[in-house]
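Visitor: Have a look at this one before I ask anything.
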Amino acid sequence: MLEITDQLHAKGVTLQIQNLGIDTATPTGKLMLTMIGAIATFEREIMLERQAEGIALAKAKGVYKGRKPTAMEKRDEVLHLLSQGIAKASVAKRLGISVSSVHRIMALE
């Protein structure tokens, strides 16, 4: 956020946030914007820290294993349909997977 306001100031533009009463042309406005940015960064870091702790706890309990792979389970079906000359997009649509998954399966062969 501060980088954006610095770029604006370099071009002679000031930022005014009406509903917060912040005007970056004034020292007080710059201070307020800096404080709001710092608080937002702090909150984000706390959220990420809590998320990491939750994932670690779930992994320790054996609960967190990530998303179950779906396309690779359909590998044999994909290869069978492709061998019949069916288009990749049609195979993907028929099996409910993405075309990129079909490409990944083909690359493994």
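Values quoted throughout were computed directly from the atomic coordinates according to the rules given, and no laboratory measurement underlies them. This is a predicted model, so every value here is computed, not measured. Backbone-built Cβ (ideal geometry, glycine too); neighbour counts: all protein chains shown.
Visitor: Along the charge dipole of the chain, Cβ charges K/R +1 and D/E -1, which of THR14, SER101, THR26 sits furthest on the positive end?
Guide: Highest projection toward the positive end goes to SER101.
Visitor: Can you give the local net charge around LEU82? Use residues other than it whose beta-carbon is closer than 12 angstrom to its beta-carbon, Lys and Arg +1, Asp and Glu -1. Could the numbers behind the result be given before it?
Guide: Working: positive: LYS74, ARG75, LYS88, ARG94; negative: ASP76, GLU77, GLU109.
Computed value for this residue: +1.
Visitor: Report the extension gain between LYS93 and TYR64 in nm, rounded to one decimal, defined as 0.36 nm multiplied by the number of residues separating them, less their alpha carbon distance.
Guide: Net length gain for the segment: 7.5 nm.
Visitor: Is the shape of the range 2-60 rounded, prolate or oblate, going by the alpha carbon gyration tensor and its root eigenvalues a ≥ b ≥ c, with a/c under 1.5 for rounded and a/b larger than b/c for prolate?
Guide: Prolate is the answer for the range 2-60, as a/c is 1.5 or above and a/b outweighs b/c.
Visitor: What is the Cα centroid distance between the range 74-88 and the range 1-68, reported in whole angstrom?
Guide: 47
Visitor: Might you report the magnitude of the Cβ-based charge dipole of the range 1-101 about its Cα centre, with Lys and Arg at +1 and Asp and Glu at -1, to the nearest 20 debye?
Guide: 700
Visitor: Quick one: putting +1 on the C-beta of Lys and Arg, -1 on the C-beta of Asp and Glu, what dipole do you get for the range 2-60 around its Cα centre, in Debye to the nearest 20?
Guide: 60
Visitor: Can you compute the modelled spin-label distance between ILE46 and THR28, with each label point 7 Å from Cα toward Cβ, in nm?
Guide: Placing both labels 7 Å along Cα→Cβ, they lie 2.7 nm apart.
Visitor: Would you list, by chain and number, the lysines whose Cα falls below 26 Å from the Cα of LYS88, excluding same-chain residues fewer than 8 positions away?
Guide: The qualifying lysines are LYS68, LYS74.
Visitor: Where in the range 39-96 are there trypsin sites (Lys or Arg not before Pro) that are in a DSSP coil and have at most 11 other Cβ atoms within 10 angstrom of their Cβ?
Guide: For trypsin sites (Lys or Arg not before Pro) across the range 39-96 that sit outside H, G, I, E and B with at most 11 neighbouring Cβ atoms in 10 Å, the list reads LYS61, LYS65, ARG67.
Visitor: Shifting gears a bit: First measure r as the distance between the Cβ atoms of ARG104 and LEU15, then evaluate 1/(1 + (r/R0)^6) with R0 = 35 Å and state the FRET efficiency to the nearest 0.05.
Guide: Values: r = 45 Å, r/R0 = 1.29.
After rounding, the FRET efficiency stands at 0.20.
Visitor: Turning to a different aspect of this structure: Tell me the net charge near THR24. Cut-off is 15 Å between Cβ atoms, THR24 excluded, with +1 for each Lys or Arg and -1 for each Asp or Glu.
Guide: Numbers: positive: LYS11, LYS30; negative: GLU3, ASP6, ASP23.
Residues close to THR24 contribute a combined charge of -1.
Visitor: I need the shape label for the range 46-98. Rule: rounded when a/c is under 1.5, else prolate if a/b > b/c, else oblate, with a, b, c from the alpha carbon gyration tensor.
Guide: Prolate is the answer for the range 46-98, as a/c is 1.5 or above and a/b outweighs b/c.
Visitor: Further, regarding this structure: What does the C-alpha gyration tensor say about the overall shape of the chain? Classify as rounded when a/c is under 1.5, otherwise prolate if a/b is larger than b/c, or oblate.
Guide: oblate
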